[in-house]
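For reference, the structure discussed in these notes is given below.
The values are calculated or read from the model by the stated rules, or taken from the named source; none is laboratory data. Owing to the predicted nature of the structure, the values given are computational and were not obtained by experimental measurement. All Cβ positions, glycine included, derive from the backbone under ideal geometry; neighbour counts span all protein chains shown. Just so you know, the surface numbers come from the protein's heavy atoms only, side chains and all, with ligands and any DNA or RNA stripped out. Shrake-Rupley method; radii C 1.70, N 1.55, O 1.52, S 1.80 Å.
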Amino acid sequence: MMTQNDISPFLQARVDRLLNNADHLFALGNIREQCQQELIAFYTAQQPSPYAKWGQQLFNDVVLCFAQTLTLTYLSAKNEIVKWAKGCTEEFLLQEVKEEREEHIKVFARMKIAHRWYQMKDDDSWWCKFANNIPFNDADREGEIKSFFDILNKICIFTDILLGHAEEYGIDVDYSNCISSQEKETVVKNTLTPNRQDTYNQLLTLVDKGDWKYDEIAYSVKQMLRTILGKGETPLSGNEAEQSETLWRLLENGRGDRVKIVWQNMVGYLDDKKLFRLKGSPALNKDFFGDDKGYTNIDKGRPNKGLMTPDFESIIPLLDAYVPKLDKKA
């Protein structure tokens with residue numbers, strides 16, 4: 001297995017995205033029930049048809065294949081984790097579960113089949129769409145598919161335990177000092193004043209509008225903004241903290257739409273790093289703001305000191321430290 005230092009920036013971004021949202025992305029209790037209901041309805045409707053007929057129908061339906069594979073692999077994963085948990089004392093089990101989930105997520109993030117798992121929605125039908133990403137009809141990838149579901153089920157069971165459902169598995173856990181990753185996320189989000197939180201949210205919305213070269217870049221840019229605006233888990237250094245306050249000053253003080261002006265400068269910088277599919281300031285500006293007017297701060301998609309807003313160029317070292325590094329291998 002590769003070490004943390006061996007993985008590329010974009011693979012690390014996938015890992016971070018899954019880890020940061022693990023309580024949401026891997027809480028599949030309702031989906032597992034839906035899968036079982038789909039299977040019951042299917043098998044009930046097929047009786048007493050011959051196996052060859054309904055077997056082929058099942059094989060050709062990716063939603064049913066997903067439901068059946070998730071259901072059949074769940075029991076073996078459950079038994080393995082319960083057996084593993086019985087070898088650990090209640091006092092230390094929760095920490096070990098957290099560590100095991102993190103290691104399994106790192107493996108999961110490397111799987112080609114799993115690349116779109118981060119798109120999990122609250123909509124209960126989301127899993128039906130995701131099922132189309134699994135090549136059930138490719139015999140050469142049967143082992144890959146089996147590994148995917150095995151690891152997915154284990155991560156989901158670890159998540160169930162971390163979210164307070166250990167008793168459902170007959171496992172004793174001390175939850176007295178437990179805080180879920182979602183609760184930690186809430187704590188971090190509350191570190192900004194309401195006005196700054198609103199500005200930060202506006203920037204995140206703009207990121208989502210970009211036509212990025214790879215899907216993972218949007219997440220990495222959000223992580224960059226999170227860090228340079230002082231919301232990251234790792235504190236900024238002295239000089240970085242000063243540059244972060246300069247950025248906030250640019251966002252909060254001055255004439256015009258401050259978020260738009262700063263983001264136009266930021267787009268010029270990010271385009272210079274070749275992170276967009278689109279080229280040129282009119283196209284980039286239209287992509288984010290719906291028109292091709294007022295893009296003087298982008299200068300054909302490249303940052304230009306003569307056109308940047310005052311002091312923006314002074315924060316470029318801060319951007320350089322945290323900008324996503326383009327790596328086509330991951």
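Numerical summary
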{"read-out": "Elements of type helices (runs of 4 or more DSSP H) in region 88-178, at least 1 residues being basic (Lys, Arg) and without any contact (Cβ under 8 Å) to a residue 12 or more places away in the chain", "value": "126-130"}
{"read-out": "Long-range neighbours under 8 Å by Cβ, at least six apart or interchain, first residue of a type in the set (Phe, Trp, Tyr) within region 265-285, second open to solvent by less than 10 Å² (accessible area, probe 1.4 Å) and at pLDDT below 80", "value": "276/284; 276/301"}
{"read-out": "Residue that is open to solvent by 10 Å² or more (accessible area, probe 1.4 Å), over 22 Å from the mean Cα position of the chain (by Cα) and at pLDDT 80 or above, where the choices are 227, 296, 205, 246", "value": "246"}
{"read-out": "Candidate set from region 43-67 (those that are in contact with a helix residue (DSSP H, G or I) (Cβ under 6 Å, 6 or more places away or on another chain) and at pLDDT below 90); member that is nearest to residue 163 (Cα to Cα)", "value": "58"}
{"read-out": "Candidates 66, 92, filtered to the one that is over 15 Å from residue 27 (Cβ atoms), open to solvent by 40 Å² or more (accessible area, probe 1.4 Å) and more than 21 Å from the chain's Cα centre (by Cα)", "value": "92"}
{"read-out": "Any hit, region 272-281, residues being at pLDDT below 85, open to solvent by less than 50 Å² (accessible area, probe 1.4 Å), assigned to a helix (DSSP H, G or I) and over 17 Å from residue 323 (Cα atoms)", "value": "yes"}
{"read-out": "Residue list for region 163-202, filter: of a type in the set (Lys, Arg) and either modelled with pLDDT of 85 or more or touching a Phe, Trp or Tyr at 6+ places or on another chain (Cβ under 8 Å) (or both)", "value": "196"}
{"read-out": "Region 134-179: number of residues that are open to solvent by 50 Å² or more (accessible area, probe 1.4 Å) and either under 30 Å from residue 89 (Cβ atoms) or under 23 Å from the mean Cα position of the chain (by Cα) (or both)", "value": "14"}
